[in-house]
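Colleague: Below are the structure tokens for one structure; questions will follow.
The values are calculated or read from the model by the stated rules, or taken from the named source; none is laboratory data. On a predicted model such as this, the values are computed, not experimentally measured, just so you know. So basically every Cβ, Gly included, is an ideal-geometry build from the backbone, and we count neighbours across all protein chains shown. Calculation scope for accessible area: heavy atoms of the full protein, side chains included, ligands and nucleic acids excluded. Shrake-Rupley method; radii C 1.70, N 1.55, O 1.52, S 1.80 Å.
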Amino acid sequence: MAAATASIFGTSSWSLRTAAAQAFALSQSHFLCTTNPYFFTSRRTLCTLPLSLSTSSASDVSHTVQAIKGGVDEVLNGVVEKSVIKEVKHILEMARRASLRREILHTDFLTPPVLKESLKVLEKLADVKAIAQGGYPQAERCRISVGHPEELTSDPDIISALSVSGNFRFESCSHGDFLGSILGTGITREKVGDIILQGEQGAQILVVPELVEFLISSLDKVSNVPVSCSKIPLISLDYEPPRTTTFKTIEASLRVDALASAGFKISRSKLVDMISNGDVRINWTPVTTKGTTLKSGDIVSVSGRGRLKIGEINSTKKGKFAVELIRYL
């Protein structure tokens, strides 16, 4: 029971609210396990490049994969993002187990790098079909369902949506405010998908279905704004492509402190301090040194500042780098 509890809520401090959340989620998991033999929640903690890898159309995300030669390690050799190998290996082993036992298993919400690399690996497996779903076509955080092609014949119902409403006219709340309030109930990040901001009305949130009722009863405030939650159908999600602004900078190096400083318009010394405090991530993984170099396609996230994508990189005649920076608004 302790392991199951940790898989849903992590190892944060025990409070009455957290304990209630755990008890509720465990009861829901028990119900699903006893009524649906194919229910599964993977036991791992994952660490969140805008990618359009998910869609509600099974034809775009379903993969009847072909046989390969060699073991797991050989398959993982093709993983480009080495930081996600552990998570991808877990999903690979889960997929093989699902195919062998003719089960349908589901991951939690995955970050874009884990999602991309996992789908690439699953394409190499025989007798496995994979479906990625995030709730809407542009979703960044998605869940993957895996199983034998004869068993996984449609998109499983593994994602629910909540509307979090309140009067945000006089206090605008950010993505971080909503996420912080949700995690404050005791839920861990991998149980929550995308958060779609709705301006003065609040936000729409994607979550695992077994925690819907708990959030409805527990989430009553975001920052200082009282809120109410209600379940809504996925078709009611109100989303639009992210807004961005693009500009170029000339830098002597491709180090994260140089490019992030230029991209977020903050001093390099302040950026270095934020790195030291764990407030800077590259492709959703915390960066620990200011000398880390960036490449095209990397996403830099800075707490309270948003995200920045590294675009095209060219060398100048003076030996410097002309870098395209894409800032998400």
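Colleague: Only one of Ser154, Ser163, Ser181 is hydroxyl-bearing (Ser, Thr, Tyr), out of contact with any Asp or Glu (no Cβ under 8 Å at 6 or more places or on another chain), open to solvent by 10 Å² or more (accessible area, probe 1.4 Å) and closer than 23 Å to Tyr328 by Cβ; which?
Modeller: Ser181 is the lone residue from the list that is hydroxyl-bearing (Ser, Thr, Tyr), out of contact with any Asp or Glu (no Cβ under 8 Å at 6 or more places or on another chain), open to solvent by 10 Å² or more (accessible area, probe 1.4 Å) and closer than 23 Å to Tyr328 by Cβ.
Colleague: Right, another one. Ser174: open to solvent by less than 40 Å² (accessible area, probe 1.4 Å), of a type in the set (Gly, Ala, Ser) and under 22 Å from the mean Cα position of the chain (by Cα), yes or no?
Modeller: The answer is no for Ser174.
Colleague: Can you tell me which residue in region 269-293 is surrounded by the fewest Cβ atoms within 10 Å (Cβ to Cβ), limited to those that are of a type outside the set (A, V, I, L, M, F, W, C) and in a helix (DSSP H, G or I)?
Modeller: In this case the residue turns out to be Ser269.
Colleague: Do we find that Ile266 is assigned to a strand (DSSP E or B), out of contact with any Leu (no Cβ under 9 Å at 6 or more places or on another chain) and surrounded by fewer than 20 Cβ atoms within 10 Å (Cβ to Cβ) in this structure?
Modeller: no
Colleague: Give Gln201, Gln133 a once-over and let me know the one that is polar (S, T, N, Q), touching a strand residue (DSSP E or B) at 6+ places or on another chain (Cβ under 7 Å) and open to solvent by 60 Å² or more (accessible area, probe 1.4 Å).
Modeller: Checking each option against the conditions leaves just Gln201.
Colleague: If we scan region 260-269, do we find a residue that is touching a Pro at 6+ places or on another chain (Cβ under 8 Å) and not acidic (Asp, Glu)?
Modeller: no
Colleague: Does Ser228 count as at pLDDT 95 or above and touching a helix residue (DSSP H, G or I) at 6+ places or on another chain (Cβ under 9 Å)? Give the steps one after another, and end with the answer.
Modeller: Working: at pLDDT 95 or above: yes; touching a helix residue (DSSP H, G or I) at 6+ places or on another chain (Cβ under 9 Å): yes.
Yes: the conditions hold for Ser228.
Colleague: Does region 223-235 include one or more residues that are under 22 Å from Pro112 (Cα atoms) and surrounded by 17 or more Cβ atoms within 10 Å (Cβ to Cβ)?
Modeller: no
Colleague: Also, I was wondering about something else. For region 106-125, name all the residues that are under 19 Å from Asn283 (Cα atoms) and in a loop (DSSP other than H, G, I, E, B).
Modeller: Once the filter is applied, which keeps residues that are under 19 Å from Asn283 (Cα atoms) and in a loop (DSSP other than H, G, I, E, B), region 106-125 yields Asp108, Phe109, Thr111.
Colleague: Follow-up. On the given criteria, is Thr285 under 21 Å from the mean Cα position of the chain (by Cα) and either closer than 19 Å to Tyr328 by Cβ or at pLDDT 95 or above (or both)?
Modeller: yes
Here's the yes/no breakdown for (1) open to solvent by less than 10 Å² (accessible area, probe 1.4 Å); (2) modelled with pLDDT of 90 or more:
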| residue | (1), (2) |
| --- | --- |
| Ser56 | no, no |
| Val79 | yes, no |
| Met94 | yes, yes |
| Asp108 | yes, yes |
| Glu123 | no, no |
